[in-house]
1. Which residue pairs have Cβ atoms under 8 Å apart, sit 6 or more places apart or on different chains, and have a first residue in the stretch 720-733 that is assigned by TED's automatic domain parsing to the domain that holds Val622 and a second that is modelled with pLDDT of 95 or more and of a type in the set (S, T, N, Q)?
2. Any chance you could count how many residues in the stretch 162-193 are closer than 24 Å to Ile240 by Cα, within 18 Å of the chain's Cα centre (by Cα) and in a loop (DSSP other than H, G, I, E, B)?
3. Which pairs do you get when a residue that is in contact (Cβ under 8 Å) with a residue 12 or more places away in the chain, found in the stretch 625-650, comes within reach of a residue that is of a type in the set (D, E, K, R) and in a helix (DSSP H, G or I), reach meaning Cβ atoms under 7 angstrom, with the pair 6+ apart or on two chains?
4. Among the residues of the stretch 732-764, which ones are of a type in the set (A, V, I, L, M, F, W, C), at pLDDT 95 or above and exposed (fewer than 15 other Cβ atoms within 10 Å of the Cβ)?
5. Kindly evaluate Glu617 against the criterion of being at pLDDT 95 or above, out of contact with any strand residue (DSSP E or B) (no Cβ under 9 Å at 6 or more places or on another chain) and not hydroxyl-bearing (Ser, Thr, Tyr).
6. Please enumerate the residues belonging to the stretch 636-670 that are among the charged types (D, E, K, R) and out of contact with any Gly (no Cβ under 9 Å at 6 or more places or on another chain).
7. Scan the stretch 616-630 residue by residue and report those that are in contact with a Pro (Cβ under 9 Å, 6 or more places away or on another chain) and more than 12 Å from Thr732 (Cα to Cα).
8. I'd like to verify a number: residues in the stretch 337-376 that are hydrophobic (A, V, I, L, M, F, W, C), touching a Leu at 6+ places or on another chain (Cβ under 6 Å) and part of a loop (DSSP other than H, G, I, E, B), how many?
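The values are calculated or read from the model by the stated rules, or taken from the named source; none is laboratory data. Since the structure is predicted, the reported quantities are computational estimates derived from the model, not experimental observations. As a convention, Cβ positions derive from the backbone with ideal geometry for all residues, glycine included, and neighbour counts pool all protein chains shown.
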Amino acid sequence: MLDMIKCSTGGAYYARGEWVPADGNASAALAAKGFDAAAVANAKTGTMAYSILQAHNTSGDADNLKIKFDAMASHDITFVGIIQTARASGLEKFPIPYVLTNCHNSLCAVGGTINEDDHRFGLSAAKKYGGIFVPPHMAVIHQYMRERFAGCGKMILGSDSHTRYGALGTMAIGEGGGELAKQLLGRTYDVARPGVVAIYLTGSLPAGCGPHDVAIALVGKLFKSGYVKNKVMEFVGPGIASLRQDTRNAIDAMTTETTCLSSIWETDEVTQRFLAVHGRAADYKKLAPADLAYYDGVVEVDLSAIRPMIALPMHPSNAFTIEELNANLEDILHACEQDVQKLIGRKDVQLDLCSKIENGKLRVDQGVIAGCAGGLYDSIYEAASILKGHTGGCGDYALSVYPGSQPIMMELVRTGVIGELMASGATIRTAFCGPCFGAGDVPANGALSIRHTTRNFPSREGSKPGSGQLAGVALMDARSIAATTANGGILTPATDIDYDPTVPEYQYDPSSYNTRVYQGFGKGDYDALLKLGPNIKDWPEIAPLGNNLLLKVASYITDPVTTTDELIPSGETSSYRSNPERLSEFALSRRDPQYVSRSKVMRQIERDREAGKALPEEVLNVYAALTKAGVKNDPTHTDIGSTIFANMPGDGSAREQAASCQRVMGASANFAKQYATKRYRSNCINWGMTPFLVENPEVFELGDYIFVPGIREAVLENKASFTAYAVKPDGTVTAFPVSTGALTEPERQIIADGCLINYYRNNQ
């Protein structure tokens, strides 16, 4: 299925454009090419990633990095919480350019004025602390950063997981808000030097294939294996030259879905032209690996073998060629239905995909081209070319197009493309990330939407399984979405359509930015007051970690992977993003609706304990069972809270709310076999939740208690492992080993202090 992509079984050397496997013959092969032992020993320094990381590393230790970024970006789901965290920690001014965009503007009436209240807060913060404010409808976050900030050799940190500008020579990382708060306070992003995997591109894309076809194929190949997990994807090879810059940018946006840490590409005259067109020629420099560079793995991609792809619900890695899907339609769709059923976990809510088969073809209900991956000039232009002279008809099927920025919209208007799309029946929206997070073009119950967007997780399109609603999203490239539209909603690869793929050179007009974007970096009015709407609340006080922990398992999730969207839903819940207490009410609401009520019980028990009230009988029975089993315990110096278990939590969004909502609900720790991403684990740490690792989670289950004695000491002393005790309702006590994985010294202290805010208060 994905034979156009091949992964090496080990590391390899890239020696002047040729690959040498890192095996027993490597030294001799490299010597024959003129590389001595010293050069081979230093080959790890030959990657582009290594050079950029070291240029931003302040630690003096090449293996343990302390990074300071050139710029940062946040959207309106995250920037209020970040600024509130930094304020509580001693923020005085923004020390680097910090861009506040409003592309996640929810457009919801649910919360009344609170949506625009957040925007006014953001503008007032930009004026007070010296920031940059991009009003709603002007640009999605990542397109603005591409247009105005990304440049060769730079590093950018964003509070959105798709912070990826590698195709413009920028190593960008998406992290939770705590990491951005650290930068605002002049601190560093601490990470062990990541591994680097080469993505070696050859050939050129066939007509009708676009960036999402490449990206979906890569995600399908790499996600489940963890081949690039927490590593840097470094794009090299002759195939890069065949790709337009928009195509590179759109592929790059999707590298997040492989669970890599960041990305970087070779740059060339195409990159140079993009930056020059955007008035930033000085931000260009040639980036390429050194004559000899070592990579921890190699992914070979033959672009000429790429075919139109589709990622079926409910994950971007559920990848098939459209040709393969059409040839095995009923079997593949039935298997997908079963997987969805397992994921949703409700027999009364089903996604019936097989009923959409008509005369051996798949009929879809909706098409969307939008966001940082789909809303780019080239993709929209080619989609319009395919649709010219065609319509989607006047039935149930509808197409919506969201250009990624106002300048892109202006150019599409100037070239007549917007008019052509509208004439074909497409509706045109302003720059908005809504289709990516469930706040725009929510499909009907039971519908299947095809989207050139970034994710198709459960409820990402806005449906609510808990209310009996379920829809699905299949990810596709804009070109095949247009071909499907031209065919009246019957799934059609763009390679079946005869059209002119020529795209004229883009002309950038920044006038909309010049008239509307507030440029305040270095010009803060530091005595000014912030505009706080009635929904904007401070973070609640959080207690430091006690000597011991007693945790009740409030949710037990056995799915292979748990997304951050399951931990805290997106969509209409974002209306409450600035109110920690209100937002926390939605924690796990779509995955485990009883989680909040269970956690609240434990939170109240802890509050009562702190107030000197008697412990309830159930907790006293737990202590009695521990005593009977010979386990020393001290109820007066034991924090009580809730916890969850998930096999591998944290795939997906960088939104720190996935962790902060748990914390506000009284969670003190998570248990997992492994964490899907560094960013989610970092979010847990920054909110004072111990990120436990457990190899045998079957020793406890939902409703059991877990006692972790000496946890504060264990964390501060960085013990490799220690013993926890599972207590069953019948009093059975079982000891089992747990660990926290590697923790830096600041991370250990953050957990001990209770959260990042406390840490900075204690370490001014």
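1. That search, which allows pairs on different chains as well, returns Ala720/Ser739; Ser721/Ser739; Phe722/Ser739; Tyr725/Thr734; Ala726/Thr734; Lys728/Thr734; Gly731/Asn621.
2. Residues in the stretch 162-193 being closer than 24 Å to Ile240 by Cα, within 18 Å of the chain's Cα centre (by Cα) and in a loop (DSSP other than H, G, I, E, B): 3 in total.
3. Asp639/Glu606; Ile640/Glu606; Ile640/Arg609; Gly641/Glu606; Ser642/Arg598; Gly650/Arg681
4. Of everything in the stretch 732-764, just one residue is of a type in the set (A, V, I, L, M, F, W, C), at pLDDT 95 or above and exposed (fewer than 15 other Cβ atoms within 10 Å of the Cβ), namely Ala735.
5. Numbers: at pLDDT 95 or above: yes; out of contact with any strand residue (DSSP E or B) (no Cβ under 9 Å at 6 or more places or on another chain): yes; not hydroxyl-bearing (Ser, Thr, Tyr): yes.
Judged against the criteria, Glu617 is a match.
6. Let us first name the residues in the stretch 636-670 that are among the charged types (D, E, K, R), namely 639, 651, 655-656, 663.
Asp651 - this is the single residue of the stretch 636-670 that is among the charged types (D, E, K, R) and out of contact with any Gly (no Cβ under 9 Å at 6 or more places or on another chain).
7. Scanning the stretch 616-630 gives Glu618, Val619, Leu620.
8. Within the stretch 337-376, residues that are hydrophobic (A, V, I, L, M, F, W, C), touching a Leu at 6+ places or on another chain (Cβ under 6 Å) and part of a loop (DSSP other than H, G, I, E, B) number 4.
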